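A short reminder: the numbers here are calculations on the coordinates, not readings from a lab. Quick caveat: nothing in here was measured; it's all calculated off a predicted structure. Ideal geometry is used to build each Cβ from the backbone, glycine not excepted, and the neighbour counts take in all protein chains shown.
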Amino acid sequence: MTQDIQSPDRIPDADIPALADHPDAFWKRFTVTQDDLDGFHHVNNAVYLKWIDATVWEHTRHVGLDEQTCLELERGMAAVRHDIRYLSSAYLGDEVVVYNWVSSNDNKLRCSRVFQMLRLSDRKTILRAQSDYVSTNLTTGRPVRMPEIFKTLYDVKAPPYW
């Protein structure tokens with residue numbers, strides 16, 4: 001996932017998976033910067049979506065579907081809906097982990113991912129989300145049946161929990 005640089009208060013990478021709602025969740029760690037904050041000094045809502053997107057891309061590469069592979073296949077998964085539930089906030093310097101897993105895949109056109117964001121300082125879940133995707137022809141932008149590799153690599157880890 002990410003390189004583990006130890007500091008006295010930092011939770012080691014090896015301990016991160018056990019904090020997720022789902023034991024096989026893929027995860028990515030973020031540290032809140034000044035640029036992430038809004039006028040109320042907490043993370044701006046758009047940043048949470050940016051972190052979700054960055055985690056999806058890293059997970060996609062992790063399972064073997066990097067951008068070049070998708071371009072060669074002329075296929076990708078396009079987001080069609082995000083349902084985000086903000087439960088708490090993150091602040092400057094907070095470390096946040098975004099967990100994600102595939103919660104459904106009809107092996108035809110659609111799949112969904114579930115997300116959990118955890119503030120590491122108190123191990124509190126600050127956001128839950130679900131995103132729905134449609135297999136898309138990257139040349140035409142139109143929905144198209146997903147290739148076999150998408151069916152295999154986007155395997156369902158757990159159903160949604162809401």
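Would you be able to say whether some residue in region 26-47 is free of Cβ contacts under 8 Å to residues at least 40 places away in the same chain, among the aliphatic types (A, V, I, L, M), on the phi < 0 side of the Ramachandran plot and not in a loop (DSSP other than H, G, I, E, B)? Scanning region 26-47 turns up at least one residue that is free of Cβ contacts under 8 Å to residues at least 40 places away in the same chain, among the aliphatic types (A, V, I, L, M), on the phi < 0 side of the Ramachandran plot and not in a loop (DSSP other than H, G, I, E, B). Of the residues making up region 106-140, those that are over 29 Å from residue 31 (Cβ atoms), in contact (Cβ under 8 Å) with a residue 60 or more places away in the chain and either small (Gly, Ala, Ser) or in a loop (DSSP other than H, G, I, E, B) (or both) are 135, 138, 139. Among the residues of region 113-125, those that are of a type in the set (S, T, N, Q) and over 11 Å from the mean Cα position of the chain (by Cα) comprise 121, 125. For the residues 131, 88, 135, 103, the requirement of being surrounded by fewer than 17 Cβ atoms within 10 Å (Cβ to Cβ) and in contact with a Lys or Arg (Cβ under 7 Å, 6 or more places away or on another chain) singles out 88. Applying the condition of being among the aliphatic types (A, V, I, L, M) and closer than 21 Å to residue 62 by Cβ to region 10-47 and asking which residue is nearest to the chain's Cα centre (by Cα) yields 25.
Output the residue which, of all residues in region 57-83 that are assigned to a loop (DSSP other than H, G, I, E, B) and either touching a residue at least 12 places away in the same chain (Cβ under 8 Å) or under 20 Å from residue 142 (Cβ atoms) (or both), is nearest to the chain's Cα centre (by Cα). Spell out how you get there, then give the answer.
As a first pass, look at region 57-83 and keep what is assigned to a loop (DSSP other than H, G, I, E, B): 63-66, 74.
After this cut, where a residue has to be either touching a residue at least 12 places away in the same chain (Cβ under 8 Å) or under 20 Å from residue 142 (Cβ atoms) (or both) as well, the list is 63-65, 74.
On the way: 63: 13, 64: 16, 65: 15, 74: 22 Å.
Filtering region 57-83 for residues that are assigned to a loop (DSSP other than H, G, I, E, B) and either touching a residue at least 12 places away in the same chain (Cβ under 8 Å) or under 20 Å from residue 142 (Cβ atoms) (or both), the one nearest to the chain's Cα centre (by Cα) comes out as 63.
As a summary of the residue check, residue 147 satisfies the conditions (1) surrounded by 17 or more Cβ atoms within 10 Å (Cβ to Cβ); (2) over 30 Å from residue 37 (Cα atoms) except for the one numbered (1).
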